1. Return yes or no: is residue 203 outside any strand (DSSP E or B), of a type outside the set (Gly, Ala, Ser) and buried (at least 19 other Cβ atoms within 10 Å of the Cβ)?
2. Any residue in the range 288-309 that is of a type in the set (A, V, I, L, M, F, W, C) sitting within a Cβ distance under 6 Å of a residue that is in a strand (DSSP E or B) and at pLDDT 95 or above? List the pairs, counting only those 6 or more apart or interchain.
3. Out of everything in the range 43-89 that is more than 21 Å from the chain's Cα centre (by Cα) and either in the same structural domain as residue 252 (by TED's automatic domain parsing) or of a type in the set (Gly, Ala, Ser) (or both), what residue ends up being nearest to residue 118 (Cα to Cα)?
4. Among the aliphatic types (A, V, I, L, M), surrounded by 21 or more Cβ atoms within 10 Å (Cβ to Cβ) and not in a strand (DSSP E or B) - does that describe any residue in the range 218-236?
5. Looking at 244, 267, 256, can you tell me which residue is free of Cβ contacts under 8 Å to residues at least 60 places away in the same chain and of a type in the set (Ser, Thr, Tyr)?
6. Considering only the range 336-366, state which residues are crowded, with 20+ Cβ neighbours inside 10 Å and either touching an Asp or Glu at 6+ places or on another chain (Cβ under 7 Å) or not assigned by TED's automatic domain parsing to the domain that holds residue 279 (or both).
7. Every residue in the range 416-431 that is among the charged types (D, E, K, R) and modelled with pLDDT under 95, please.
8. Just a yes or no: is a residue in the range 432-444 among the hydroxyl-bearing types (Ser, Thr, Tyr) and modelled with pLDDT under 95?
Amino acid sequence: MTKMTTEQMTEEFEQRLERLIRIPSEYSTDEPPFGKNIRKALHELLSIAEEDGFTTENVDDFAGHIEFGEGEEIFGILAHLDVVPAGNGWKHSPYALTKKDGKLYGRGTQDDKGPLIAAYMAMKALKQEGFLPKKRVRLIAGTDEEREWKGIDHYFSKKEMPDFGFTPDAVFPVIHAEKGLIDASLNLKTNVSEDESTYIERIEAGDRLNMVPDATEVTIVHKGEQKLTFPSADNVTWNGDRVTIHFSGKAAHGSTPERGENAVLKTMSALEGMDFPESQQRAITWMVEHMKASDGKGMGIPFEDEISGALTMNVGTLHGSMENWKVGINIRYPISYSHDDVVTNLKNLLPASVEYEEVDQMQSLYVPEDHPGVQTLLTSYEKVTGETSEAKAIGGATYARVLENGVAFGAIFPESPDSAHQADECVRVEDMQRAMEIYKSAIYEWTRK
């Protein structure tokens, strides 16, 4: 039994990650349950583990696990293989692992294939050294984290819940609190007639509530003599009395909308004041006045607490016709407030012309910092990095919420570039090297007795 060097771990990490990155595991309806490429990614991961001598199990193509160790207790590590759509603006191929200037580029390198393989390599290194955990270490790979979590829900309907665990799908050191989450649609009635001289015929932006939309397309019918101009647009194409306008923004994760430029809100600002029918003017003005602030202040929900910070709101989608505009929003609220606190305040602000429709919701997560598992993870982080640390809170929704007793733990660092859900998603090689050592220490310390 030999100890793996950093160079060996890094080389094997990159080899195994490449096998997953090249699979475009975006959600699809082409094959159940979540598309052939997601299923292919799950099969590939389990094949990697079997080649390395691990015990594996595929649970109906909804999820799978890799395991070693013995005992009654399970130490769970939950990660996911599905990714958000690649989108536009990449300089590197999203589905080929590219190494450049100390970084690894590709969709999923940060969210969440890279962290998954970092945790896997920690298990492999311990196994190769001859360590036999006194608890079962189970790496569980989900397949629908970016959408509805049906994969992991199905898995736990068939398999045991870990006694304690973590997900490598956030930031070090330890995330012990996650904000509550609400996905909702606001339906704005417009009911525009074709007899109008100028009106918005169609407007489309975004395909996911948990992403800041980076593009909007608007089609306007204009029968007037004075030509319309759009200084902030990227492209304007006239076809008779119809004009199609494209506005661009900057994508970001829905939990940090302030890091992006929301194409929907940029479009509303550009269209405000134009001579549209009264109902469309009202919708535009209301969105600019009430939805521009990402802290929810304009919607009457500027909640904040000491543990988890301020509420955030992301306008993720907009699908509009002449009859109705459907605005998709993603709200992440502090742990000291309830779902009902948010919804009641929000509904009280909505005018009669706006209808609230809830799509999904998740309660907040909180594990006390003095929990033995949290302290073990913090100790492993401090041992490897030499940095004194304390548990943190985030707005992201991670698989830690499905655990009865678990937290998020890495795999990127506070100073690392956050490129999840963005073009040219990447991780720094040195970050993954440190993450592997931290996970190795944490697994050893929690399962050695």
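The values are calculated or read from the model by the stated rules, or taken from the named source; none is laboratory data. Keep in mind that what you see is a predicted model, and the values were worked out from it rather than measured. All Cβ positions, glycine included, derive from the backbone under ideal geometry; neighbour counts span all protein chains shown.
1. no
2. 291/315; 303/333; 307/177
3. 49
4. no
5. 244
6. 364, 365
7. Passing the criteria: only 418.
8. Checked against the condition, which is being among the hydroxyl-bearing types (Ser, Thr, Tyr) and modelled with pLDDT under 95, the range 432-444 yields no hits at all.
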